[in-house]
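Heads up, the thing below is written out as structure tokens.
The values are calculated or read from the model by the stated rules, or taken from the named source; none is laboratory data. Owing to the predicted nature of the structure, the values given are computational and were not obtained by experimental measurement. For neighbour counting, all protein chains shown are included, and Cβ atoms are generated from backbone atoms with ideal geometry for every residue, glycine included.
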Amino acid sequence: MSFPSKPLDGCLVLDFSQYLSGPSAALRLADLGARVIKIERPDGGDDCRKLYLSDCTIEGESTLFHAINRDKESFCADLKDAAQRQNIHALIRKADVIISNFRPGVMDRLELNYDSVKAINPRIVYGEITGYGKEGPWKNRPGQDLLLQALSGITWLSGSANDGPVAMGVPVADIFTGALLVQGILAALFARELSGEGAYVEISMLEAMLDFQFEPLTILLHDPSQKIERAKVNGAHTLVAGAYGFYRTSDGYIALSMGQIKDLARLLDCPALLPYTNPSMAYSERDAIKAILADHLPTQPTAYWLSKLEPEDIWCAEVLNWDQLLDHQGFIQLDMLQSLPMQKGTEIITSRCPIRIDDERLWGSKPAPKLGQNQAAIQNEINNNGAYNEREQNA
């Protein structure tokens, strides 16, 4: 199968990172056409290969690793070995981007920090993720997603007031930090086309999580007396008034977004809402409004309520589980899934890049590499200082 050219075709990325944040950034660059070489330890490689979040594995390795490392190559090197670092230096001379996400000081000790790499290749764009920055009392703490959620305050934005801290069900700190790193790298690559010089792009996971919460933080900074509090009933967005949230129905759940209380009182045939139809009461009486709806909506199935609200342009939706979503025509129409052949004849089915360019979806072409899968081909390229032969790599 032939694939159309992509924006980053010809761009070489060396991915030194592990687990999720850095590899997710490298994955997106690969989706956009970059050639990504994953630099791994000979004795086990990226620890994410064995990070089992469930009992689901694919050809002996973590499904998570396969999901976040497709369309990459694997080259092994002991970075503590000066002789093996010479191979890495040869790759750095050809590279456009480097990504790392170790604790502060690790790349310095390996003589692979930005200053060292820039001396080898002044045009390099060096992207680095830390947990908490390179200074301050937290700098050496592990940059792990749940810990970042705990320290950043975000756990007090989800759920309802009496729930205690609520963690998000996906590694939001890892994925959002990786996405921001991609933005910085792409901006630096664009600037390099004008200046000819590379750049050092740095982001900490803590800063990413603070940026993720710019709305409540801005309110608190301008009005310290303002309390950002979750609703006591059916909590959702802490800053949104009125009925906003999820509600049980007789056969499932419904999401109510924006809508005037007076309209909901009429369309839902809920006279108990009538005392709260003054718009000024939408926030001050939020808990009372939500409690009334929580009692009223279980009297009918979700489809019934949707039939009343949707024709009147009230923003609402059925709350789907994964099985319902995957069977729904709305999901099927997106064509979000791709199947990539594995070495042993099985296939991995995963999501594709959500970006489209000129109406073209960005499909992957190969699964995550086995540890050292591309060793011989890349070593041959280093030795000959020649063009990379993709046919040799796939042999």
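Among the candidates A317, A255, A236, A282, single out the residue that is at pLDDT below 90, under 30 Å from T177 (Cα atoms) and either touching a strand residue (DSSP E or B) at 6+ places or on another chain (Cβ under 9 Å) or surrounded by 16 or more Cβ atoms within 10 Å (Cβ to Cβ) (or both). Reasoning before the result, please.
Details: A317 fails: at pLDDT below 90; A255 fails: at pLDDT below 90; A282 fails: under 30 Å from T177 (Cα atoms).
From the options A317, A255, A236, A282, the qualifying one is A236.
Check L112, L32, L27 and return the single one that is touching a Pro at 6+ places or on another chain (Cβ under 6 Å), of a type in the set (A, V, I, L, M, F, W, C) and closer than 27 Å to A199 by Cβ.
Criteria check complete, one pass: L32.
May I ask you to say which residue of R93, R70 is assigned to a helix (DSSP H, G or I), within 29 Å of S365 (Cα to Cα) and basic (K, R)? Can you show your working first?
On the way: R70 fails: assigned to a helix (DSSP H, G or I).
Exactly one residue qualifies, and that residue is R93.
Filter the range 122-145 for residues that are touching a helix residue (DSSP H, G or I) at 6+ places or on another chain (Cβ under 8 Å) and surrounded by fewer than 18 Cβ atoms within 10 Å (Cβ to Cβ); which is nearest to I88 (Cα to Cα)? Let's see the steps before the verdict.
Within the range 122-145, the first condition is being touching a helix residue (DSSP H, G or I) at 6+ places or on another chain (Cβ under 8 Å), and the residues that meet it are 123-133, 138, 141, 143, 145.
If we keep only those that are surrounded by fewer than 18 Cβ atoms within 10 Å (Cβ to Cβ) as well, we get 123, 133, 138, 141.
Working: R123: 16, G133: 26, W138: 31, R141: 28 Å.
The extreme case among them is R123.
Step by step: first the residues of the range 325-365, then only those that are acidic (D, E) and within 23 Å of H66 (Cβ to Cβ), then the one that is modelled with the lowest pLDDT. Which residue is that? Let's see the steps before the verdict.
Filtering the range 325-365 for residues acidic (D, E) gives 327, 335, 347, 358-360.
In the following step, the residues that additionally are within 23 Å of H66 (Cβ to Cβ) were identified as 335, 347.
Details: D335: 94, E347: 86.
It comes out as E347.
Looking at (1) within 21 Å of Q300 (Cα to Cα); (2) surrounded by 15 or more Cβ atoms within 10 Å (Cβ to Cβ); (3) among the aliphatic types (A, V, I, L, M), find the lone condition where I219 falls short.
So I219 meets the others, but not (1).
If you take the residues in the range 133-191 that are assigned to a loop (DSSP other than H, G, I, E, B) and of a type in the set (S, T, Y), which one is nearest to the chain's Cα centre (by Cα)? Walk me through how you get there before you give the answer.
Of all residues in the range 133-191, those assigned to a loop (DSSP other than H, G, I, E, B) come to 133-144, 153, 157-160, 164-171.
Narrowing further to those that are of a type in the set (S, T, Y): 158, 160.
Working: S158: 18, S160: 25 Å.
For the range 133-191, the residue satisfying everything is S158.
Tell me yes or no: at least one residue of the range 240-263 is within 21 Å of G164 (Cβ to Cβ), in contact (Cβ under 8 Å) with a residue 12 or more places away in the chain and in contact with a Phe, Trp or Tyr (Cβ under 8 Å, 6 or more places away or on another chain).
Yes - at least one qualifying residue is present in the range 240-263.
Does E207 qualify as being among the acidic types (D, E) and either assigned to a loop (DSSP other than H, G, I, E, B) or in contact with a strand residue (DSSP E or B) (Cβ under 6 Å, 6 or more places away or on another chain) (or both)?
So E207 does not fit the description; no.
Please verify whether the range 101-114 includes one or more residues that are closer than 19 Å to G10 by Cα and crowded, with 21+ Cβ neighbours inside 10 Å.
Within the range 101-114, not a single residue is closer than 19 Å to G10 by Cα and crowded, with 21+ Cβ neighbours inside 10 Å.
Just one of the numbered conditions (1) in contact with a Phe, Trp or Tyr (Cβ under 7 Å, 6 or more places away or on another chain); (2) over 25 Å from I203 (Cβ atoms); (3) of a type in the set (S, T, Y) is not true of Y114; which one?
(2)
Consider L32 carefully, then state whether it is in contact with an Asp or Glu (Cβ under 6 Å, 6 or more places away or on another chain), touching a residue at least 60 places away in the same chain (Cβ under 8 Å) and of a type outside the set (S, T, N, Q).
In short, no.
If we keep just the residues of the range 268-302 that are part of a helix (DSSP H, G or I) and among the acidic types (D, E), which is farthest from the chain's Cα centre (by Cα)?
D295
So which of E310, E318 ends up being touching a Cys at 6+ places or on another chain (Cβ under 9 Å) and either of a type in the set (D, E, K, R) or free of Cβ contacts under 8 Å to residues at least 60 places away in the same chain (or both)?
So the residue among E310, E318 that is touching a Cys at 6+ places or on another chain (Cβ under 9 Å) and either of a type in the set (D, E, K, R) or free of Cβ contacts under 8 Å to residues at least 60 places away in the same chain (or both) is E310.
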